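The structure appears right after this line, and notes come after that.
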């Protein structure tokens, strides 16, 4: 009978961070898929734009940039506290500290969601008015869905950190959530540039 060599993994930890954790790879794959979806929407935006002599179409005002600019800055700044929360989680600091910083991000998410409603009104077109209205609403609403999902997930992780019971895996969840939040912010920077900025200069 042939003897098989086995590896003793009992000495390994029951959780890990970064690429050592399976959830990290799952999160990365999800970001890749959703990133490709955003890329296809951006390509559709410019494909539709090629069919119009003027963009936005006649009798459609340029989208308001005021509140959208505030929302952009707010989300970019939110990367700092999210990074700090992830750092605290990586160092296994007191869960209450991690939870409080995550709840701060939830507050930012709520404000950004409210501002998105005004951004949609500031497009000066309905989703069913024309192709311009459809694609711009599609971009903003799709990102809004990501923003809502990220805020809810951050809230749930933060709630666990604050009220417990806290397990080691929850620290990993916090760091993975941070990576997804970075994706949500980064994708908004691109979408904002497409919808609110490029229309003024290209």
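The values are calculated or read from the model by the stated rules, or taken from the named source; none is laboratory data. As the structure is a prediction and not an experimental result, all values here were calculated from the model. Don't worry about glycine lacking a Cβ; one is built from the backbone with ideal geometry, like all the others, and counts go over all protein chains shown.
Can you tell me how many residues within region 65-85 are closer than 17 Å to residue 196 by Cβ and surrounded by 15 or more Cβ atoms within 10 Å (Cβ to Cβ)?
8
For the subset of region 121-142 comprising residues that are without any contact (Cβ under 8 Å) to a residue 60 or more places away in the chain and within 18 Å of the chain's Cα centre (by Cα), which member is surrounded by the most Cβ atoms within 10 Å (Cβ to Cβ)?
Here the answer is 140.
Just checking, does region 145-164 include any residue being farther than 22 Å from residue 85 by Cα, in a helix (DSSP H, G or I) and within 18 Å of the chain's Cα centre (by Cα)?
Checking region 145-164: at least one residue is farther than 22 Å from residue 85 by Cα, in a helix (DSSP H, G or I) and within 18 Å of the chain's Cα centre (by Cα).
With (1) exposed (fewer than 15 other Cβ atoms within 10 Å of the Cβ); (2) in contact with a helix residue (DSSP H, G or I) (Cβ under 8 Å, 6 or more places away or on another chain); (3) part of a helix (DSSP H, G or I); (4) modelled with pLDDT of 90 or more as the list, and residue 62 as the residue in question, which single condition is left unmet?
(3)
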